[in-house]
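Structure record follows, encoded as structure tokens.
Every number here is computed from the coordinates shown, using simple stated rules; none is lab data. Note that the structure is a prediction, hence the values are computed from the model and not measured. A quick note on method: Cβ atoms are made from the backbone with ideal geometry, for glycine too, and the neighbour counts reach across all protein chains shown.
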């Protein structure tokens, strides 16, 4: 499809959606993890991309970031498509291409000038077992392999966590007193089975409806709750645990974002960690996150809705949970563009009818995911069409959101 046709289709989508764009589901496999089966993807399709590529355990939201899944990864894996539908056909254009072609219209000229694009990645991840203890690089270390550092945040949506899985705990950081030599010793035992790194860490029980703030350089081994994860638009990581639930983790997943000359330099590898943050004796106090109401609770209740900040500790991204009560219509105002996913109920967002699906076949379109452009975000009408059930959605924002509360840590 040539550029002129893409622009024509995008302008049609803008006009018909009044600045709101419908997105297709974006499914991502991970070869080193097992899917938990709670993302509403049909169980027959959990390995739709082939067993050799791994089970589908992630859904990426409003993504312009390619998944870094190694050899055999399709060029569009991880990228979201805008859906343009008429009476006779359905066409799709990558959200990434839309930003490149019409970024001022999607995000605003100020955001494009300052950040150059949509610099947030958001996803659901859902794993049957815990994820290996790993970290995401700082800007300094990521830049050495031509990438960006990755802060991230976790939120555990109650709607997706009726079943919390076999291990609803996450290991964070390192026990006070742990030394660089302790972690180097773990890395030296990589090919001897379990390298024992979790003996140096502590697990925290996860609570649906709450979250955690995870800056770069912090070791973490997420547990089995379905997690909504806004983060900077990057897919860098380094696995520090050699085996999880009896499955070996290849050394390549420790060093995939390490300069080749340092692939066996254990001093360099452990220096990628933020030692002060990992050893913080008050780690939970400084990283656990409770939702924060956007406005006074009673004021919002009288207007027919509730809205809370659920990720608000990073200047690179933020997120809200919006609940519209049964049979209520509200007008919601935001200063910047955002991605949106419906997790409960049915209703209308602008001109679109929306619903949270029960079961999705791989490749099937849904009515639960949208991108709200900057102009549309200034004033958007949302209606809950149910007389019994709340309409609940999660909203993910990029950097530079002026509505973000003051960041205190």
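When the helix-only estimate is applied to the chain (DSSP H runs of n ≥ 4, each -39,500 (n - 2.57), divided by the residue count), what is the mean residue ellipticity at 222 nm, nearest 500 deg cm²/dmol?
Rounded to the nearest 500, the figure is -5000 deg cm²/dmol.
Provide the three semi-axes, in whole Å and in decreasing order, of the ellipsoid equivalent to segment 175-228 as defined by the square roots of 5 times the Cα gyration tensor eigenvalues.
Here the semi-axes work out to 26, 13, 10 Å.
At 0.36 nm per residue, and after removing the present C-alpha to C-alpha distance, how many nm does the segment from residue 299 to residue 11 gain when stretched out fully?
99.9 nm
If I take all pairs of Cα atoms in segment 209-293, what percentage of them are more than 19 Å from each other?
52 percent
Using only the Cα atoms of segment 296-339, what are the Rg and Dmax in Å?
11.9, 35
Fully extended, how many nm does the chain gain between residue 113 and residue 327 (0.36 nm per residue separation, minus their Cα-Cα distance)?
73.0 nm
Say R0 is 45 Å: what FRET efficiency, to the nearest 0.05, do residue 44 and residue 202 get from their beta-carbon distance?
With a Förster radius of 45 Å, E is 0.70.
Above 25 Å lies some portion of the pair distances; for segment 159-305, what is it as a whole percent of all C-alpha pairs?
38 percent
Quick one: plug the Kirkwood hydrodynamic radius of segment 218-370 (C-alpha pairs) into Stokes-Einstein at 37 °C, 0.692 mPa s, and report D in µm²/s.
Translational diffusion coefficient: 166 µm²/s.
Could you order the peptides 189-195, 146-152 from most to least packed, using the average number of other C-beta atoms within 10 Å per residue?
146-152, 189-195
Quick one: what do you get for segment 1-86 if you divide its Cα Rg by 2.2 N^0.38 Å?
In units of the 2.2 N^0.38 Å rule of thumb, it is 1.28.
Rg and Dmax in Å for segment 82-147, alpha carbons only: what are they?
Rg then Dmax for segment 82-147, in Å: 17.6, 50.
Per q in 0.10, 0.13, 0.14 1/Å, what log10 I(q)/I(0) does a Debye calculation on the alpha-carbon atoms of the chain return?
Cα-only, vacuum Debye calculation for the chain: -0.67, -1.14, -1.32.
What distance in nm lies between label points placed 7 Å from Cα along the C-beta direction at residue 104 and residue 284?
Modelled inter-label distance: 5.2 nm.
Could you work out the percent of alpha carbon pairs in segment 1-150 separated by over 20 Å, rounded to a whole number?
Distances greater than 20 Å cover 58 percent of the Cα pairs.
Sketch the reach of a paramagnetic label on residue 166 as a point 7 Å from Cα along Cα-to-Cβ, and name the residues of segment 94-136 whose backbone nitrogen lies under 20 Å away.
Label zone hits: 125-134.
On a full-extension model of 0.36 nm per residue, what is the gain between residue 378 and residue 407, subtracting their alpha-carbon distance, rounded to one decimal in nm?
Additional length available on full extension: 8.1 nm.
What percent do you get for the relative contact order of segment 3-289 when only Cα pairs under 8 Å and 6+ apart count?
About 20 percent, as a whole number.
Give me the distance in nm between label points sitting 7 Å out from Cα along the Cα-to-Cβ direction at residue 265 and residue 4, one decimal.
5.2 nm
Rounding to the nearest 10 and keeping the result within 0 to 90°, find how far the Cα-based axis of helix 95-107 lies from the longest principal axis of the chain.
The angle comes out at about 60 degrees.
Suppose R0 equals 45 Å; then what is the FRET efficiency for residue 352 and residue 179 from their Cβ-Cβ distance, rounded to the nearest 0.05?
Efficiency at R0 = 45 Å is approximately 0.25.
Please determine, in degrees from 0 to 90 and to the nearest 10, the orientation of helix 3-17 with respect to the longest principal axis defined by the Cα atoms of the chain, where the helix direction is its Cα long axis.
Rounded to the nearest ten degrees, it is 70.
Arranged from highest to lowest average of other beta-carbon atoms within 10 Å per residue, in what order do the peptides 163-174, 99-110, 271-282 appear?
Sorting 163-174, 99-110, 271-282 by mean packing, highest first, produces 163-174, 99-110, 271-282.
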